[in-house]
Amino acid sequence: MLLEKTPVAGGEPGKETFILNLGPQHPATHGVLRVKLTMDGEYITRAEPVPGYIHRMHEKMGENRTYAQFLPNTSRIDYLAAMQYTHAFVLLVERAAGLEAPPRAEFIRVITSELNRISSHLVWFGAYLLDLGGFTPLLYAFDDREKILDLLEGITGARLTYCYYRFGGLYNDVDDAFLTGTREFVSYMRPRLDLYRSLVTDNIILRKRLEEIGPINAEMCRRYGASGPVIRGAGVACDVRRIEPYSVYPELDFAIPVFPEGDCMARYRVRMEEMAQSLRIIEQALAKLPDGPVMGKVPRVIKLPPGDYYCAVEAARGRFAIRVVSDGKEIPYRLKLRTPSFANLTLFEEATEGMMLPDAIALMGSLDLVIPDIDR
């Protein structure tokens with residue numbers, strides 16, 4: 001901790017402030033994010049995020065590998081929403097190369113992506129409440145998440161960083177055990193969401209802790225490029241699955257949860273409602289799942305025609321996009337990742353100005369940051 005006399009915004013010149021490091025050795029930053037705080041007593045005058053503690057160099061790795069070799073990297077960018085990130089990459093290559101995945105493969109992609117979305121939100125739910133001082137909900141959330149991990153492990157062989165999608169389809173088909181288990185999970189999870197509502201969401205302690213805390217409005221989201229539950233918690237129904245439809249999402253009926261308050265509670269409610277909507281999507285996709293192959297015709301060597309290609313999906317934390325510049329070779333000439341956690345983190349400095357430190361912890365958790373997503 002460093003004491004210094006600096007002018008404070010809105011305060012008296014020369015007033016004594018101090019520098020406080022929040023993280024990386026802090027439970028609320030989860031070990032890989034440092035925030036340099038300038039404090040005026042209990043109040044924050046500036047919060048400067050300092051990422052870079054888990055740098056992965058994914059973009060440069062993408063420019064030194066073939067498209068197939070880079071495919072496993074996509075799940076490491078966000079280890080909690082691996083399916084959605086891989087989905088974006090395979091969609092980009094398929095569109096650019098003129099490939100088409102069979103209908104059955106597309107439905108399975110949506111089912112597995114939405115299962116992955118629920119598991120990601122469950123991790124956020126448990127960890128967020130732990131950051132705020134509540135331990136019990138974490139046990140419930142991870143118990144439910146284990147059921148999803150078991151289902152996905154049965155078809156992918158992995159429990160976290162999946163590499164199940166392929167250009168033109170899937171690695172393999174799902175079996176009856178997965179389909180039956182997924183239907184059972186949908187029936188099981190709906191009452192659990194009701195339990196979470198009565199146990200946590202309607203709890204007066206949580207409401208007093210989150211309501212009117214950490215206001216983020218639509219204009220701030222626009223300036224910083226925030227997306228996902230952050231912008232939907234500011235009253236804007238912005239979801240890539242609706243505004244830039246992909247895969248079989250246009251064939252499915254689901255709502256985009258929006259809460260206009262713009263506070264921590266609104267962002268919390270968005271994610272809780274999104275889990276219910278993901279269950280709707282999975283249930284419909286299972287009912288419409290067609291028979292047929294799960295892999296189309298794909299050349300042994302993938303070469304995209306020269307050009308500039310872009311594809312975006314709605315990941316658990318917001319809009320994830322990939323841009324590839326191809327010169328016609330097996331390896332991308334340029335690869336750029338647009339990750340939601342990076343954009344969502346950049347508004348933290350402005351949003352926390354004048355805020356008390358405990359409330360800043362609530363705001364940070366409501367952003368649902370995954371740090372490998374940031375340092376790529």
Quiz item: Can you find even one residue in the range 56-71 that is touching an Asp or Glu at 6+ places or on another chain (Cβ under 9 Å), part of a loop (DSSP other than H, G, I, E, B) and open to solvent by less than 20 Å² (accessible area, probe 1.4 Å)?
Solution: no
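Just give me the residues in the range 336-376 being of a type in the set (A, V, I, L, M), more than 19 Å from SER120 (Cβ to Cβ) and assigned to a helix (DSSP H, G or I), in sequence order.
Our first condition is that a residue be of a type in the set (A, V, I, L, M); within the range 336-376, this holds for 337, 343, 345, 347, 351, 355-357, 360-364, 367, 369-371, 374.
Keeping just the survivors that are more than 19 Å from SER120 (Cβ to Cβ) gives 347, 351, 355-357, 360-363.
Scanning the range 336-376 gives ALA351, LEU357, ALA360, ILE361, ALA362, LEU363.
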Quiz prompt | Residue count for the range 322-363, restricted to those that are open to solvent by 40 Å² or more (accessible area, probe 1.4 Å), within 22 Å of THR66 (Cβ to Cβ), touching a residue at least 60 places away in the same chain (Cβ under 8 Å) and under 20 Å from the mean Cα position of the chain (by Cα) | solution = 1
Self-check item: Elements of type helices (runs of 4 or more DSSP H) in the range 177-293, at least 1 residues being surrounded by 14 or more Cβ atoms within 10 Å (Cβ to Cβ) and β-branched (Val, Ile, Thr)
Solution: 229-232, 240-243, 264-288
Practice problem: Identify all residues within the range 72-98 that are within 16 Å of PRO372 (Cα to Cα) and open to solvent by 60 Å² or more (accessible area, probe 1.4 Å); write none if there are none. | Solution: ARG76, TYR79
Practice problem: Given the conditions (1) within 18 Å of the chain's Cα centre (by Cα); (2) modelled with pLDDT of 95 or more; (3) over 19 Å from ARG269 (Cβ atoms), report the number of the one that VAL123 does not fulfil. | Solution: (3)
Practice problem: Could you please find all residues in the range 133-152 being surrounded by 15 or more Cβ atoms within 10 Å (Cβ to Cβ) and farther than 24 Å from ASN203 by Cβ? | Solution: LYS147, ILE148, LEU149, LEU151, LEU152
Quiz prompt | Residue identified as more than 20 Å from the chain's Cα centre (by Cα), at pLDDT 95 or above and of a type in the set (S, T, N, Q) among THR86, THR136, THR182 | solution = THR182
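The values are calculated or read from the model by the stated rules, or taken from the named source; none is laboratory data. Source: prediction; values computed, not measured. Positions of Cβ are backbone-derived with ideal geometry, glycine not excepted, and every protein chain shown enters the neighbour counts. Calculation scope for accessible area: heavy atoms of the full protein, side chains included, ligands and nucleic acids excluded. Shrake-Rupley method; radii C 1.70, N 1.55, O 1.52, S 1.80 Å.
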